[in-house]
Each structure stands twice: as C-alpha cells, then as structure tokens.
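Presented below is the structure to which this report refers.
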Amino acid sequence: MKIGKESKIVAQRYLFILNPMAGVGGRRDFLQLIEKACTAKGVKFKILFTRSPGDARKIILKKFDKYDIFVAVGGDGTMNEVASALAGTTGIMGLIPAGSGNALGRELGLSLKPEQAVYQLLEGHPIRIDTGLVNGRRFMNVCGVGFDSHIARCFAKSTSRGPIPYFKAVMKEFFRYKPETYTVEAGGNITSHTAFVLTLANTSQYGNNAYIAPGATVTDGLLDFSALRPFGLLGALGLGFRLFNRTIHRSRLSTSFQTTEVVINGENLNFHVDGEPVKNNKPLRISIDPLSLNIVVPGKAISY
C-alpha cells in the first residue's frame with residue numbers, strides 16, 4: 001500500500017467482507033453499487049461473505065497479503081471481527097455501517113446510508129485510532145458489565161434486530177434485573193460500586209446516539225469509566241434523557257473518570273464487547289491500546 005499527499009490512499013486493493021444478515025448484505029443493487037464505484041475509481045476489489053462468527057478473521061488472515069484495505073460491511077459484530085484481526089498490524093480497515101447501533105461509524109463521521117459510505121470510503125484517508133482490550137478480547141466501542149451485558153445476552157438470542165426489538169428487550173428485563181456490586185482498581189485506587197451499569201468506553205456512545213461517555217474520543221489514549229448507581233423508573237426517564245443529550249456524566253447517579261487500565265472484580269463478571277456477550281468468571285483486566293488500528297475516514301487528512 002502507498003500513501004499519497006494528505007494521506008490519501010493510492011493503488012488500493014479493497015476486500016469487502018459482508019455479513020449477509022446485515023441490512024445491505026443480500027441486496028443485489030448494493031453489490032452492483034460497490035462494483036460500479038470501484039470500477040469508476042480504477043481500484044481492484046473483491047466481495048466475500050461471512051457465513052458464521054469468526055469467518056471475517058479467517059478471511060483476513062488468508063487474504064492479508066493480497067489486499068490493502070479490508071472493509072467491514074455490517075453491524076458491530078462484523079466491525080469488531082475485522083478490527084480485531086487488523087489491530088496491531090499494518091493492514092487498513094474500512095467500514096460501511098449497516099447494523100443496529102453503528103457506534104464506531106457514527107463516531108468517525110461515516111454516513112449511515114451505505115451507498116454514501118461507499119464513496120466516503122473510496123475518497124477517504126487512513127488515520128490511527130485506539131482500541132481496547134479486556135481479558136484478551138478487543139473492543140472498539142465499549143465493554144462492560146451489568147445491565148447492558150445482560151441485555152446483550154438476551155438480545156443475542158433474538159432473531160429480530162434494530163432499535164425497536166432492543167428497546168422491547170430493555171423494557172422487559174428492566175424490572176427483573178438486580179444490580180451487582182463490583183470492586184474497581186484504577187490508578188492505584190480501589191473503589192466499590194453497586195452499579196446498574198458499569199462501562200469502559202473507547203467511543204463516546206453505545207450506538208444510536210446514546211452517549212454513555214460524552215467526553216471520550218478514539219485518539220486520546222484513554223478509556224472512559226462510567227458507573228450508574230441503581231435507579232427507579234423516574235430515574236430511568238431522567239437518565240434516558242441525559243443519555244441522548246450528552247449529559248449522563250452530570251447525573252448524581254453517575255461516577256466517571258478516565259484511565260488507561262482498570263481491574264474489575266465481582267460475583268457476576270459476564271461482560272460484553274461492542275454488544276457481543278462473553279461468558280466469564282475471572283477478574284476483568286481492561287486496558288487501552290493506543291493508536292493500534294488503521295481505519296479509513298472521510299474528509300481531509302488530520303494529523304494526530
């Protein structure tokens with residue numbers, strides 16, 4: 001791969017990795033759009049489909065030397081697989097957001113219209129961003145324990161996707177869930193938190209413009225810790241409002257700080273990475289891996 005002026009990519013070879021279950025995965029017109037756009041730009045490309053979890057990583061390992069840019073087309077699961085395979089390497093990731101939350105795509109200013117995102121990709125430039133690590137698992141957006149991890153497990157069993165089914169799952173489980181107590185070690189301090197949600201964020205949001213860590217950025221070399229104490233229905237309404245107007249950190253129910261690493265202990269340590277549930281019974285060791293992923297973003301080149 002060669003980098004031209006303003007870090008524009010030249011002589012590209014694109015491998016599009018599509019999740020057929022994503023919104024655009026099986027659309028013939030979208031596949032034709034990729035072909036038309038790449039042909040017009042004079043770049044080499046290929047489209048491959050995943051069939052099961054783990055396929056994206058296998059594809060990248062097999063094709064790593066044959067392509068310059070590996071494009072994840074799908075939701076946060078596909079995004080996480082592609083990014084996890086490329087983090088720490090010289091490979092470059094592209095992203096066409098086509099999922100339910102699209103946190104990373106929103107964070108990077110990518111269009112949520114796949115047709116526009118294709119052109120942003122082909123006319124974009126690469127930057128380096130941070131990624132997170134939790135017990136060896138990579139995450140780009142958020143990882144956490146508590147209610148959001150519980151919902152991730154419930155949602156994973158559902159055949160429906162999108163904001164509405166997710167909201168239904170939240171409402172169904174809200175009154176059943178019992179908050180847990182966690183011990184948190186960070187920066188030489190040990191604190192205890194009885195928390196409804198406990199999150200470490202690399203991006204500022206969960207997705208769908210729900211901002212759990214309004215001050216987070218993907219290039220600052222820091223993770224944003226957020227713990228929300230238990231609350232009732234009225235508290236939930238207030239927190240919901242704050243979640244979407246970027247003021248969750250100002251709530252009296254919130255505890256937040258920035259860190260480079262943290263250790264979390266507790267009785268129930270099942271967690272999620274980018275919305276994917278992970279079974280676990282060991283202490284969570286979470287850290288930032290600064291500027292570890294090359295990814296294409298739209299607009300003029302920015303130096304970090």
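Structure notes:
- Estimated dipole of the chain in Debye, rounded to 20 [Cβ of Lys and Arg +1, of Asp and Glu -1, Cα centre]: 720
- A full extension of the chain between Phe175 and Thr260 corresponds to an added length of 27.2 nm, given 0.36 nm per residue minus the alpha carbon distance.
- Contour minus Cα-Cα distance for Glu267 and Tyr119 (0.36 nm per residue): 48.5 nm
- Positive-end ranking of Leu122, Leu222, Phe174 along the dipole of the chain, with charges on Cβ about the Cα centre, is headed by Leu122.
- Modelled FRET efficiency - R0 30 Å, Arg153 with Asp65, Cβ distances, 0.05 increments: 0.20
- Potential extension, Ile190-Asn281 segment - 0.36 nm per residue separation minus Cα distance: 30.8 nm
- Label assignment, mean projected area of the Cα convex hull in nm² derived from the structure, set (1) 22.3; (2) 27.8; (3) 15.2: (3)
Computed from the coordinates by the stated procedures, all read-outs in this text should not be read as laboratory data. As the structure is a prediction and not an experimental result, all values here were calculated from the model. Reconstructed Cβ throughout: ideal geometry from the backbone, glycine too, with neighbour counts over all protein chains shown.
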